[in-house]
Amino acid sequence: MPIPVGINGLGRIGKMVCLQMLAEPDIYSIKAINATSLSASEISDYLCYDSSHRYDRSVCKNVEIVSDELVRINGNEIHLFKDRDARNLKWRAVGVQFVLECTGAYLTTERASHHDVDYVIMSAPPKDPDVTPTFIYGVNDAQYMGQKVVSASSCTTNCMGPMLKLVSDAFGIETVNFTTIHATTGSQSVVDVINKKSRTHRSIINNMIPHSTGAAKSIFRVLPEVSGKVWGTSVRVPTINCSLCDINVTCEDKTATLSDVAELLSKHELYGEVYHLNEKMLTSVDFMTTTTPTILDRKASMDFKPGSFKLMCWYDNEWSYSAQVLRVMTSMHKHNKTVERSVRGRISPKISPTNSMVNLSSASASTSHVKMLKLDGKKALKSLNLKGKNIVARFDFNVPMDNGKVTDDFRVRASLPSINHMLEQKPNRIVLVCHFGRPKGKDKKNSVEFLAPMLSGMLKRDVKFLPDGVSKKTLDDLSASTNPAGTVYLLENIRFHPEETKFNPGNDVSKMFQSLGDAYVADCFGCVHRKHMSICHLNAPNAQFGYGFLIEQEVNALASLLRNDNKRVLGIMGGAKIADKQPMIDCLCKMPGARIFVGGGLTRGFSDFMPSTPHNVVLARDAYGAADLSAPATYMPDVARTGGGGFDCGPQGLRDLIAEIDAADVIFWNGCLGVIEDPRYRVGSAMIVDYLMAQKGKRVIIGGGETASLFKDREADHVYLSTGGGALLAHIQSSVLNTPTVPGLAAFEM
């Protein structure tokens with residue numbers, strides 16, 4: 001069946017896609033066109049005559065006017081709309097599935113969603129690039145995963161993208177700078193006009209006009225591996241169509257040459273469709289109405305030095321770009337049909353949403369009593385008298401880093417209520433203790449000195465760094481300090497001392513640690529499962545000790561999960577390694593009224609740990625993935641039987657999970673459903689985040705780590721973000737299995 005299409009806007013690109021689709025009626029069926037300034041009687045002439053392009057006019061000559069709102073072209077009925085407001089366009093009513101958005105007025109997902117249709121493809125870069133995904137055929141179209149609104153980027157990016165992908169895949173890229181010598185467009189002026197913001201207010205007829213281009217930014221969206229390596233500009237020239245991209249590339253492989261690129265291009269599987277090699281003495285007019293977006297001009301290109309060359313690439317900025325838009329649409333349609341065929345009829349009775357609820361009474365009968373941890377209120381931070389005290393406070397500041405920058409300061413921010421409360425008590429000083437990474441001895445790259453200015457900014461006071469850690473020098477410096485009362489210090493990484501992880505209360509370091517203060521506060525929930533010196537060695541002689549607000553919040557939040565009050569509990573378990581999560585899945589299976597959804601990389605290894613799936617466990621059996629992360633993404637209807645990895649939850653799995661969420665009262669989520677560092681595999685997890693944010697009547701607990709990072713800058717009263725990962729799981733296990741309380745909480749138990 002042909003793809004049912006609607007065209008919004010019949011300008012240059014709208015006209016080009018229309019003509020190309022009319023020429024291929026077996027592939028495309030144009031159901032409707034929205035053109036506010038074109039009447040039914042003008043359609044034939046508008047399509048048949050063009051100042052730039054030469055094409056078969058027979059595809060548009062046989063136009064029958066049925067009414068002012070309906071024409072028939074070569075037997076194909078096309079409805080005509082005339083409305084500038086997308087909300088008034090009845091695309092779905094006339095059978096449209098894809099809308100090609102060619103007006104330039106609907107370039108965000110929010111606005112494009114006003115179209116009443118399944119899918120929208122923008123024929124321009126989006127204005128919300130962090131929201132609307134961009135796909136270019138021959139570059140990243142295989143990464144499409146069913147998104148409803150997408151962009152096909154720009155004509156220049158469709159020329160440059162395939163070329164840079166070819167070079168990057170073969171030789172690696174160090175730097176790229178380019179100039180696109182671009183034909184005039186409809187946004188330019190025939191004569192000079194008043195406009196002080198851009199040089200394009202000058203006449204296009206007799207000027208070459210320096211101009212900006214968004215291609216340097218757009219390219220990162222489809223080729224993230226060249227991020228920060230590409231710079232470019234453009235020049236508008238007085239030609240009616242066809243443009244030339246002057247691309248200067250320096251490769252990582254210093255043996256790469258222009259001849260190597262030409263050979264790769266000529267042998268590529270997309271040669272003749274996306275790539276073409278020109279070795280003739282041609283000029284711009286000779287490339288009119290070509291369909292390949294990346295035409296390498298071999299004679300105009302040149303080598304600079306080993307691994308560095310100039311690539312001159314022609315492209316028809318109207319016709320070949322429109323062909324690329326249609327290729328993206330065809331690729332999307334093929335993907336969606338493949339998924340539909342794979343999913344149809346595949347819902348197993350065991351995991352069907354209609355059979356999703358377990359018999360709660362039978363589940364309760366097989367479970368043991370859950371132990372509820374009760375914290376001693378006398379050891380709560382608010383109960384401690386800290387005036388004039390030298391406080392030692394243990395926190396979890398083990399923040400994620402990327403290229404020397406903190407990517408998520410959630411754990412640091414979570415400590416602020418406790419620190420500010422301590423400061424309000426007017427102590428003599430506070431020494432903040434934390435770890436970072438897993439250093440072996442004193443490793444400078446694991447120093448926590450970088451946290452001092454961060455904490456200073458958050459606390460709005462100077463935080464002084466103690467570089468010698470737990471040592472006599474630090475004790476002497478603190479004793480001799482003339483700093484005012486209330487000074488805050490940050491101790492060097494506590495794990496620089498082997499005695500931290502090999503805890504022995506009788507060694508010299510442990511004794512010096514207790515000498516740092518006369519009051520101790522633990523608020524490091526993310527570490528409480530560790531039997532480490534700074535976590536367990538708090539009860540020094542004649543010293544106060546207690547727990548902070550974060551530990552109190554974490555224990556109380558988990559109580560809502562563990563408490564047996566006839567609530568239906570759903571555990572969402574994701575991540576990469578089933579061995580890490582199998583004990584937690586065992587625990588949740590034993591909780592009254594609990595069901596478990598298993599997704600992410602856990603699905604493939606699940607049968608190795610549990611040969612028979614428990615009655616209250618749902619497996620996400622379909623996925624998106626590949627042999628490895630470097631390969632194009634594909635749909636896997638049964639990931640357990642497919643070679644390679646399932647890197648994101650598939651559509652059937654997501655539907656099953658949403659049905660489970662709808663039936664639950666309390667949702668506990670630990671472990672992402674995909675490899676969220678890769679934008680291709682973040683989609684499933686992001687969809688569930690959005691769905692959970694809307695579940696106001698439920699209690700949602702997010703189990704720390706990467707899962708919590710998905711909720712960054714998104715707050716809701718019904719969602720609790722835990723700072724714990726392993727600690728949270730260990731606490732749940734000790735409660736469900738009635739094993740000893742985790743080491744870092746045992747001292748505070750009533």
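Just to be sure, is Ala626 surrounded by fewer than 22 Cβ atoms within 10 Å (Cβ to Cβ), at pLDDT below 85 and either in contact with a Cys (Cβ under 8 Å, 6 or more places away or on another chain) or among the aliphatic types (A, V, I, L, M) (or both)?
Taking the combined requirement at face value, the residue satisfies it.
Report yes if Gly9 is on the phi > 0 side of the Ramachandran plot, in contact (Cβ under 8 Å) with a residue 60 or more places away in the chain and open to solvent by less than 20 Å² (accessible area, probe 1.4 Å), otherwise no. Yes. Against the numbered list (1) in contact (Cβ under 8 Å) with a residue 60 or more places away in the chain; (2) not in a loop (DSSP other than H, G, I, E, B), Arg87 comes up short only at (1). Looking only at the stretch 357-373, decide whether some residue is assigned to a loop (DSSP other than H, G, I, E, B), open to solvent by 60 Å² or more (accessible area, probe 1.4 Å), touching a helix residue (DSSP H, G or I) at 6+ places or on another chain (Cβ under 7 Å) and at pLDDT 60 or above. Yes, that holds for at least one residue. Scanning the stretch 12-45 for residues that are within 18 Å of Gln97 (Cβ to Cβ) and either in contact with a His (Cβ under 8 Å, 6 or more places away or on another chain) or open to solvent by 40 Å² or more (accessible area, probe 1.4 Å) (or both) turns up Glu24, Pro25, Asp26, Ile27, Lys31, Ala32, Ile33. Counting the residues of the stretch 545-592 that are touching an Asp or Glu at 6+ places or on another chain (Cβ under 9 Å) and in a strand (DSSP E or B) gives 5.
If I filter the stretch 631-650 for residues that are under 18 Å from the mean Cα position of the chain (by Cα), open to solvent by less than 10 Å² (accessible area, probe 1.4 Å) and without any contact (Cβ under 8 Å) to a residue 24 or more places away in the chain, do I get at least one hit? No: the stretch 631-650 contains no residue that is under 18 Å from the mean Cα position of the chain (by Cα), open to solvent by less than 10 Å² (accessible area, probe 1.4 Å) and without any contact (Cβ under 8 Å) to a residue 24 or more places away in the chain. Among the residues of the stretch 101-118, those that are crowded, with 18+ Cβ neighbours inside 10 Å and among the aliphatic types (A, V, I, L, M) comprise Leu107, Ala112, Val117.
Which residues, taken from the stretch 453-506, are within 18 Å of His537 (Cβ to Cβ), in a helix (DSSP H, G or I), open to solvent by less than 50 Å² (accessible area, probe 1.4 Å) and of a type in the set (S, T, N, Q)? Once the filter is applied, which keeps residues that are within 18 Å of His537 (Cβ to Cβ), in a helix (DSSP H, G or I), open to solvent by less than 50 Å² (accessible area, probe 1.4 Å) and of a type in the set (S, T, N, Q), the stretch 453-506 yields only Thr474. Within the stretch 537-572, being farther than 17 Å from Asp396 by Cβ and touching a Ser or Thr at 6+ places or on another chain (Cβ under 6 Å) holds for one residue alone: Leu562. Of Ile667, Ile732, Ile688, all but one fail to be part of a strand (DSSP E or B) and either in contact (Cβ under 8 Å) with a residue 40 or more places away in the chain or farther than 24 Å from Val412 by Cβ (or both); the exception is Ile667. Of the residues in the stretch 93-100, at least one is open to solvent by less than 60 Å² (accessible area, probe 1.4 Å) and touching a helix residue (DSSP H, G or I) at 6+ places or on another chain (Cβ under 6 Å).
Of all residue pairs spaced 6 or more apart or on separate chains, those with beta-carbon atoms under 6 Å, a first member in the stretch 738-750 that is under 18 Å from Tyr520 (Cβ atoms) and assigned to a loop (DSSP other than H, G, I, E, B) and a second member that is open to solvent by less than 50 Å² (accessible area, probe 1.4 Å) and of a type in the set (Ser, Thr, Tyr) are Val742/Ser734; Phe748/Tyr547.
Quick one: in the stretch 507-534, of everything that is over 28 Å from Val555 (Cβ atoms) and of a type in the set (A, V, I, L, M), which residue is surrounded by the fewest Cβ atoms within 10 Å (Cβ to Cβ)? Only one residue fits best here, namely Met512.
Please verify whether Val226 is in contact with a Leu (Cβ under 8 Å, 6 or more places away or on another chain), among the hydrophobic types (A, V, I, L, M, F, W, C), surrounded by 19 or more Cβ atoms within 10 Å (Cβ to Cβ) and closer than 20 Å to His182 by Cα, treating the condition exactly as stated. Taking the combined requirement at face value, the residue does not satisfy it. The strands (runs of 3 or more DSSP E) located wholly in the stretch 222-324 that include 1 or more residues which are at negative phi, in contact (Cβ under 8 Å) with a residue 60 or more places away in the chain and hydrophobic (A, V, I, L, M, F, W, C) occupy 230-237, 243-251, 294-297, 308-315.
Total residues in the stretch 424-459 satisfying the condition of being in contact (Cβ under 8 Å) with a residue 24 or more places away in the chain and among the acidic types (Asp, Glu): the figure is 2. What is the residue count in the stretch 700-729 for residues that are in contact (Cβ under 8 Å) with a residue 40 or more places away in the chain, part of a loop (DSSP other than H, G, I, E, B) and open to solvent by 30 Å² or more (accessible area, probe 1.4 Å)? Looking only at that region, the number is 1. Within the option set Ser123, Ser151, Ser212, Ser189, being touching a Pro at 6+ places or on another chain (Cβ under 7 Å) and either polar (S, T, N, Q) or open to solvent by 40 Å² or more (accessible area, probe 1.4 Å) (or both) holds for one residue only, Ser151. Close contacts from the stretch 46-60, counting a first residue that is among the polar types (S, T, N, Q) and open to solvent by 40 Å² or more (accessible area, probe 1.4 Å) and a second that is modelled with pLDDT under 95 and part of a loop (DSSP other than H, G, I, E, B), with Cβ to Cβ under 7 Å and a gap of 6+ residues or different chains, come to Ser51/Ile240. The sole residue among Val448, Val412 that is more than 13 Å from Gly548 (Cβ to Cβ), part of a helix (DSSP H, G or I), within 29 Å of the chain's Cα centre (by Cα) and not basic (Lys, Arg) is Val412. Among the residues of this structure, Tyr681 does not count as one that is surrounded by fewer than 22 Cβ atoms within 10 Å (Cβ to Cβ) and hydroxyl-bearing (Ser, Thr, Tyr).
Kindly indicate whether Leu164 is touching a His at 6+ places or on another chain (Cβ under 7 Å), farther than 18 Å from Met332 by Cβ, open to solvent by less than 20 Å² (accessible area, probe 1.4 Å) and touching a residue at least 12 places away in the same chain (Cβ under 8 Å).
no
Taken together, the residues in the stretch 293-310 that are open to solvent by less than 80 Å² (accessible area, probe 1.4 Å), under 15 Å from Val176 (Cα atoms) and hydrophobic (A, V, I, L, M, F, W, C) amount to 1. Residue count for the stretch 540-583 under the criterion of being open to solvent by 80 Å² or more (accessible area, probe 1.4 Å) and modelled with pLDDT under 85: the result is 9.
The values are calculated or read from the model by the stated rules, or taken from the named source; none is laboratory data. Here the structure is a predicted model, which is why all the values come from computation and not from measurement. Virtual Cβ from ideal backbone geometry, glycine too; neighbours counted across all protein chains shown. Heavy atoms of the whole protein, side chains included, go into the accessibility calculation; ligands, DNA and RNA do not. Shrake-Rupley method; radii C 1.70, N 1.55, O 1.52, S 1.80 Å.
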